[in-house]
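Trainee: Pasting in a structure now, in structure tokens, and then I'll have a few things to ask.
The values are calculated or read from the model by the stated rules, or taken from the named source; none is laboratory data. All figures in this text were calculated on a predicted structure; none of them were measured in a lab. Backbone-built Cβ (ideal geometry, glycine too); neighbour counts: all protein chains shown. Calculation scope for accessible area: heavy atoms of the full protein, side chains included, ligands and nucleic acids excluded. Shrake-Rupley method; radii C 1.70, N 1.55, O 1.52, S 1.80 Å.
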Amino acid sequence: QVQLVESGGGLVQAGGSLRLSCAVSGSTFRLNAIGWYRQVSGKQRELVARISDGGPTTYADSVKGRFTISRDNAKNTVYLQMNSLKPEDTAVYYCWGVLRAMAYWGKGTLVTVSS
């Protein structure tokens, strides 16, 4: 059973930075795709960034130039470096992965950006 565990969320002032981490366990196979979504209470979960094997790295327009997703295969970990944070980036951030057409989600980590 694939498990995704996020860490690194917290409270930061606008303009600051945070780095989220997602540790992947439970699979000897590399996930076909992995990334980050976020959700604000009462709204739909939205894609932030994702990496697909053999495909492009995708970012939401709202985070391009500020967020960077990266993957350390040796550590089975994916990161989301978030710079120039804005209050509208406040959300619960979820790690997401796909293996053999099955989607897996972490439990989420809260990011709060104060103005």
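Trainee: Look through the stretch 16-53, keep the residues that are outside any strand (DSSP E or B) and at pLDDT 95 or above, and return whichever of them is nearest to G106 (Cα to Cα).
Mentor: If we take residues in the stretch 16-53 being outside any strand (DSSP E or B) and at pLDDT 95 or above, then R45 is nearest to G106 (Cα to Cα).
Trainee: Please specify each residue of the stretch 16-36 satisfying the condition of being open to solvent by 30 Å² or more (accessible area, probe 1.4 Å), closer than 15 Å to I69 by Cβ and among the hydroxyl-bearing types (S, T, Y).
Mentor: S17, the sole residue that qualifies.
Trainee: Within the bounds of the stretch 86-103, is there any residue that is in a loop (DSSP other than H, G, I, E, B) and closer than 13 Å to L20 by Cβ?
Mentor: no
Trainee: Next question, about the same structure. Return the residues of the stretch 54-81 that are open to solvent by 70 Å² or more (accessible area, probe 1.4 Å) and within 19 Å of W105 (Cβ to Cβ); say none if nothing qualifies.
Mentor: N76
Trainee: Suppose we keep only residues that are in a loop (DSSP other than H, G, I, E, B) and at pLDDT 95 or above within the stretch 1-15. Which one would you say is surrounded by the fewest Cβ atoms within 10 Å (Cβ to Cβ)?
Mentor: In this case the residue turns out to be G15.
Trainee: Looking at the stretch 56-73, I want the residues that are more than 14 Å from C95 (Cα to Cα) and have a partner that is open to solvent by 70 Å² or more (accessible area, probe 1.4 Å) with Cβ atoms under 8 Å, at least 6 apart or on another chain. Which pairs are those?
Mentor: T57/R50; T58/R50; A60/E46; S62/E88; N73/R30
Trainee: Does the stretch 104-115 hold any residues that are open to solvent by less than 30 Å² (accessible area, probe 1.4 Å) and either free of Cβ contacts under 8 Å to residues at least 12 places away in the same chain or farther than 15 Å from A23 by Cβ (or both), and which are they?
Mentor: Correct list: V111, V113.
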